[in-house]
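The block underneath contains the structure these notes are about, expressed in structure tokens.
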4 protein chains.
Amino acid sequence: MIKVGIIGGAGYTGGELLRILINHPEVEITFVNSKSQAGKPVYATHTDLLGDTELVFTDELHTNIDVAFLCSGHGESKKFLEANPAFKGISIIDLSTDYRDQSEGFVYGLAELQRDKIKGAKHIANPGCFATSIELALLPLASAGLIQDAIHISAVTGSTGAGQSLSATSHFSWRNNNISIYKAFTHQHLTEIGMTLNELQADFDQPINFIPYRGNFTRGIMANVYTKFEGTLAEAKELYKNYYANHPFTTVSDAAIDVKQVVNTNKCLIHLELHNGNLLISSIIDNLTKGASGQAVQNMNLIFGLPERTGLALKSVGF
Amino acid sequence: MIKVGIIGGAGYTGGELLRILINHPEVEITFVNSKSQAGKPVYATHTDLLGDTELVFTDELHTNIDVAFLCSGHGESKKFLEANPAFKGISIIDLSTDYRDQSEGFVYGLAELQRDKIKGAKHIANPGCFATSIELALLPLASAGLIQDAIHISAVTGSTGAGQSLSATSHFSWRNNNISIYKAFTHQHLTEIGMTLNELQADFDQPINFIPYRGNFTRGIMANVYTKFEGTLAEAKELYKNYYANHPFTTVSDAAIDVKQVVNTNKCLIHLELHNGNLLISSIIDNLTKGASGQAVQNMNLIFGLPERTGLALKSVGF
Amino acid sequence: MIKVGIIGGAGYTGGELLRILINHPEVEITFVNSKSQAGKPVYATHTDLLGDTELVFTDELHTNIDVAFLCSGHGESKKFLEANPAFKGISIIDLSTDYRDQSEGFVYGLAELQRDKIKGAKHIANPGCFATSIELALLPLASAGLIQDAIHISAVTGSTGAGQSLSATSHFSWRNNNISIYKAFTHQHLTEIGMTLNELQADFDQPINFIPYRGNFTRGIMANVYTKFEGTLAEAKELYKNYYANHPFTTVSDAAIDVKQVVNTNKCLIHLELHNGNLLISSIIDNLTKGASGQAVQNMNLIFGLPERTGLALKSVGF
Amino acid sequence: MIKVGIIGGAGYTGGELLRILINHPEVEITFVNSKSQAGKPVYATHTDLLGDTELVFTDELHTNIDVAFLCSGHGESKKFLEANPAFKGISIIDLSTDYRDQSEGFVYGLAELQRDKIKGAKHIANPGCFATSIELALLPLASAGLIQDAIHISAVTGSTGAGQSLSATSHFSWRNNNISIYKAFTHQHLTEIGMTLNELQADFDQPINFIPYRGNFTRGIMANVYTKFEGTLAEAKELYKNYYANHPFTTVSDAAIDVKQVVNTNKCLIHLELHNGNLLISSIIDNLTKGASGQAVQNMNLIFGLPERTGLALKSVGF
């Protein structure tokens, strides 16, 4: 059994990790750390876990674990490791942005990009949710060196992408039945997307125009990405199907897709269309699972030599 | 033209009042008071009013008006009138709970109960939203002295009923696709409902069992009310249709009803069924219009001798 | 491995069964029958299963299976068994209403009522969704003979309860942001609820007043049930906690509950309040899992001697 | 009073027209034609109009009217005028696509493009909903001859844009909490958008890349449009504010916008950002009002010499 510690277990990604790990057949949760909720049962915060676990949040930290998941939010992971250097000696999977630049030996944890490198890594920087959906839409093209023009992206995210803090744009009366955009052309994930594409296509140097939408749903991201492509649709499909042939969570769909196909799963579905020389790649993930905690568990599985899908054959919600 | 001042114009009921009054043909808005937003345009807060009004919030108060609407929230109206006694000399329509016990000469502003009394009133206590929907379901029965057994009520409210404050139950990620209850058997509107029924049926002394639901929609209330009834369905319908014959906003529907029929209007629709001696009365209103600001304008119209529907022939949203 | 056949696999309950069974460690799906979709991949209909299964719908029937799930809808199960009498020799779990009267040797498959009887049964009538939520709210009271007055119920169901047929009330433009009731006092599940209560409390003979709501969400049922109760809240809690102590899917929550706590799980959560001699029991389930296909798998587990939770430790959706 | 006939009054655009016209101070509705609903009250179909109108659908046609609105759907308007040539002698406002190519003397009814031409027109082709939102985003640029590069558009529409027919993608269980795209790069409105831009900028000959999204809300469209722009943001704002200075329904917002600001109104709000030489223009309308029936009434007002906002000072829904 893999002994796991969770740092920052009271937030959305911490909760999602707990939902997955309590049923993971090879995991034993050693502790769930939360400063704000210490002493309270986990189900007092993640109320859907009532009846599933008797775990209690603690403010203690232990290093007699095999892996620590850092779920405290952006900027907090660096602080945590500086304050607790003993943790550097154990496996770390960090869900924040702090090490996505692969600094300090961290490996960017996108299995579809660099599975072997992850298998041998000690410290993983788990990708961002928008970044995951967009990178999975572009990896095959980049791997073939075929991104030769500007990339145009619109993508819609569920509200859980913004975490559990209360704000004007997370108020139900505002967000219900509404649609809006934010951080157009400037979203912070553009950095990691550019870095990832350069890993596969060193000469990539095109603008990435990205319009992120706030969707009026809770879970899921749909990204629609297009760029110039000189081949046929059949060639594009072959490229994508070959690229993902050995990746269990990412599948090319011949039929059109909608985001609920992947909600509550660790899957990514991709659909391709070709229009007037533009290859349109649609990509859907669940932002909390494949876009965060599910992918983190996928990375843990790889590090510890487990089959990639262990504990991640999740029942989709369907509706 | 009726000169209007609004106190507490930056909240939900203040905004709804502004949406109605800027198009009211007999009204001139003299000032909109808001401590928190003073100096800013009204459309900076109520962003849907951009292009419709150049009004600016002020922290000043003026008594050279014909009527003041108090929209500052429960407990604030009493404080306001104590701090600003000069306002007692002008017409007041209070949207809080502060005077719904008809204390200090305030008249309970439910036109379907006591239109004539409202016409002659100076100070109006505007009914609560749940109270309005439930009272309109029961007034005809009470007027005939026919409530002789316990009353059972379930009712679902939109999120705007809880105002604009941020809370766990107003967070989109929680409330979307969710349903829950609160304050079962203890909701604060039970007091005014009981008082109102006693106005029409002095011997009424039955329990009112009320289960309020938090709906995952923004506007509207549906109340379903049942109690023992000894007559036929035809007799019940006749009683209700007669009672509301001269009330322009409340209509008995022979067909089943759903809450979107009245959203964005000042209407109440009522539907009756009879099952095994239980009369089931369904009642729908928009909590922000008929349940708050629309009814407040209806009361203003009555006070100033205008036709009751003036400025209130609102286009429903339909969908 | 248990060899499974599914009859009527293209509908909502068939799809939900497939979502659960493809990950069930003790099950092998022998065939999925669908007249309308024969020859097409299962993922063409249940599109969220793309990447998870290569099963194909068939119009053939085979009896070399251990258990058949009948998912063809109300009235169809009887027809099926009459047309295919060979199936009577194997285990049957019927998701329709056809045998919920326990006729022809069928056993009503509510484990919390009669687990031992189910363990020894060959043919199971799986309970209805509203019935499940309401019966779980009342079983402990009935087991103690304590239902001595009328029962008052309001309950809200997600849209999937109405199946996949298109109708005016399943149109998104109508149902979104809407609320309404249907079949008040006359819902067809009242029969099985009455029968079930009589199994535990033979003298039960009180009216059950039931107002079903159409909720504007997809999955889940919240039932709120009250009746007279002479004890204390502590006594009621003890009664309920004792009753469900050995039932892994039903848990009493001390905190208030909301339906998303159980969506995508086979769980039922129950919350109790006492007001003026009325015991209010709130009960939440997912209508498609605990209210249909999950409960069907629970029954299969019991028949075949598996631990009750096998294949049913489902990750909740949470949001 | 303007005497109005409505052809095809039982659909979504017919209903929306009725909601507006029953309160229009200068209109008398002479008849509402519907083959399918003839003889039934209008409120039996448009149930939110109960209590507002006693109009009854008819299968008769009369030409003693001033203007006919054609709401029967795409392809039906041409058939209607061929079968009923007498109608060609009266004013026609056609809400279908049939004459948007300005054939047979029809004038494209976008007031912000050609108000004077509309004032003098007898027959109007009312613009499409997506087309309206996108054209209003681009008219000022085109008027200055400044569209010199490809146009990139993503836009999200509410479900009412697809009308009242039942389909897999209008099923609540599918669409709720979901997001998807359709007709990418091939949407039928691209033709009228191109035609409109050419009216203002004759040399315009750039690709228009358009990704339409199906939103999980009922009313509204948000379009986000970007193209290369060589000026400053201040210059762009000045261009847009000047262009719309005399158009009462279209306003440039300095603050970011969200679609609920315009739901249930005839308004369009526009917001501008400049990023790396890309001018991003966001545009929001209500697809049923400004995108259909409200704009049709606006055109009627212009034809009959009324102030443009007559009957169109609609209360927004806000939430």
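Burial here means at least 50 square angstrom less accessible surface with every protein chain in place than with the chain by itself, probed at 1.4 Å; in segment B:39-56 the buried residues are B:D48, B:L50. Under a model in which nothing but the beta-carbon of Lys, Arg (+1) and Asp, Glu (-1) is charged, chain C shows a dipole of about 540 debye around its Cα centre. Between chain A and chain C, the total buried accessible area stands at approximately 2800 Å², from heavy atoms with a 1.4 Å probe. How many percent of the alpha carbon pairs in the protein assembly as shown exceed a separation of 47 Å? In whole percent, the long-distance tail amounts to 36. Mean per-residue shielding of peptide A:20-28 is 1, counting Cβ atoms of other chains within 10 Å of each Cβ. Remark: relative contact order (chain A) = 18 percent; criterion is Cα-Cα distance under 8 angstrom and separation of 6 or more residues. Over chain D, DSSP H runs of length four or greater, each weighted -39,500 (n - 2.57), average out per residue to a 222 nm ellipticity of -7500 deg cm²/dmol. Taking D:L81, C:L55 and ordering them by how much accessible surface each has at a 1.4 Å probe, largest first, produces C:L55, D:L81.
Excluding ligands, DNA and RNA, the accessible surface per residue across chain D is 31 Å² with a 1.4 Å probe. With the cut-off at 1.5 for a/c, could you classify segment B:15-92 from its C-alpha gyration tensor as rounded, prolate or oblate? The shape class here is prolate. Summing charges over neighbours of B:F229, with a neighbour being any other residue whose Cβ is under 12 Å away from its Cβ, gives -2 when K and R count +1 and D and E count -1. Averaged over residues, the count of other Cβ atoms within 10 Å places the peptides B:305-312, D:42-49, C:3-10, A:123-130 in the sequence A:123-130, C:3-10, D:42-49, B:305-312, highest first.
Each Lys or Arg adds one and each Asp or Glu subtracts one; over the other residues with Cβ under 12 Å from the Cβ of B:S167, this totals +2.
Here the simple spin-label model places points 7 Å from the Cα toward Cβ, and for D:K122 and B:E60 these points are separated by 5.7 nm. Taking Cα atoms only, the orientation of helix B:190-200 departs from the longest principal axis of chain B by about 70 degrees. The spacing between segment D:91-164 and segment A:198-245, judged by their C-alpha centroids, is 32 Å.
May I ask you to evaluate 6.51 cos²θ - 1.76 cosθ + 1.60, the Karplus curve with θ = phi - 60°, for each residue of segment B:177-186 and list the ³J(HN,Hα) values in order in whole Hz, giving x for glycine and proline? Values, residue by residue: 6, 10, 8, 7, 10, 7, 6, 4, 6, 10 Hz.
Counting Cβ atoms of other protein chains within 10 Å of each Cβ in D:217-223 and taking the mean gives 6.
Near A:D149, the amide H atoms lying under 5 Å from its own belong to A:K228; only residues 5 or more places off or on other chains count, and H is placed 1.01 Å from N. Given R0 = 51 Å, the distance between the Cβ atoms of A:E82 and D:A83 translates into a calculated FRET efficiency of 0.05.
In sequence order, segment C:135-146 has phi-based couplings of 5, 5, 6, 10, 3, x, 4, 5, 4, 9, x, 9 Hz under the Karplus curve 6.51 cos²θ - 1.76 cosθ + 1.60, θ = phi - 60°, and Gly or Pro positions carry x. Net charge dipole, segment D:129-287: roughly 700 debye, given to the nearest 20, about the Cα centre with Cβ charges of +1 for Lys and Arg and -1 for Asp and Glu. With a cut-off of 10 Å between beta carbons, the residues surrounding C:E28 carry a summed charge of -1, where Lys and Arg count +1 and Asp and Glu -1. The H on the amide N of B:V56, modeled in the peptide plane, is under 5 Å from the matching H of B:V42, each at least 5 residues off or on a different chain. By accessible area, using a 1.4 Å probe on protein heavy atoms only, segment A:30-146 has 48% of its surface on carbon and sulfur.
Working ranking of peptides D:256-269, C:61-74 by packing, defined as the average number of other Cβ atoms within 10 Å per residue, highest first, is D:256-269, C:61-74.
Within chain C, DSSP assigns beta bridges of which about 45% are antiparallel (rounded to the nearest 5). Per-peptide packing, taken as the mean over residues of other Cβ atoms within 10 Å, places B:186-199, A:279-292 in the sequence A:279-292, B:186-199 from highest down. Reducing segment D:286-309 and segment B:59-85 to their Cα centroids gives an inter-centroid distance of 40 Å. Taking the C-alpha atoms only, the angle from helix C:233-244 to the longest principal axis of chain C is near 20 degrees. Distances between placed amide hydrogens fall under 5 Å for B:L274 paired with B:L280, all partners being 5 or more residues away or on another chain. Between B:E104 and C:T169, the simple spin-label model (points 7 angstrom out along Cα→Cβ) gives 4.7 nm. Dipole orientation for chain D: of the candidates D:G14, D:I134, D:I92, D:G14 has the Cα lying most toward the positive pole (charges on Cβ; Lys, Arg +1; Asp, Glu -1).
Per residue of C:149-159, other chain Cβ atoms within 10 Å of the residue Cβ number 4 on average. Listed by chain and number, the lysines whose C-alpha is less than 19 Å from the C-alpha of A:K79, apart from same-chain residues fewer than 8 away, are A:K35, A:K88, A:K122. With contacts taken as Cα pairs under 8 Å and at least 6 residues apart, segment C:103-169 reaches a relative contact order of 24 percent. Couplings for segment D:13-29, taken from phi via the Karplus curve 6.51 cos²θ - 1.76 cosθ + 1.60 with θ = phi - 60°, read 6, x, x, 5, 4, 4, 4, 7, 6, 5, 9, 6, x, 10, 10, 10, 7 Hz in order; Gly and Pro are left as x. With the alpha-carbon atoms of segment A:163-319 aligned to their principal axes, the span from lowest to highest coordinate is 47, 40, 31 Å, starting with the largest.
Summing Cβ point charges (Lys, Arg +1; Asp, Glu -1) relative to the Cα centre of the protein assembly as shown gives a dipole of roughly 0 debye. Mean separation of Cα pairs under 8 Å and 6 or more residues apart, divided by the residue count, gives segment B:129-287 a relative contact order of 32 percent.
The values are calculated or read from the model by the stated rules, or taken from the named source; none is laboratory data. Note that the structure is a prediction, hence the values are computed from the model and not measured. Don't worry about glycine lacking a Cβ; one is built from the backbone with ideal geometry, like all the others, and counts go over all protein chains shown. Each accessible area value is taken on the protein alone, full model and side chains, heavy atoms only, with ligands, DNA and RNA left out. Shrake-Rupley method; radii C 1.70, N 1.55, O 1.52, S 1.80 Å.
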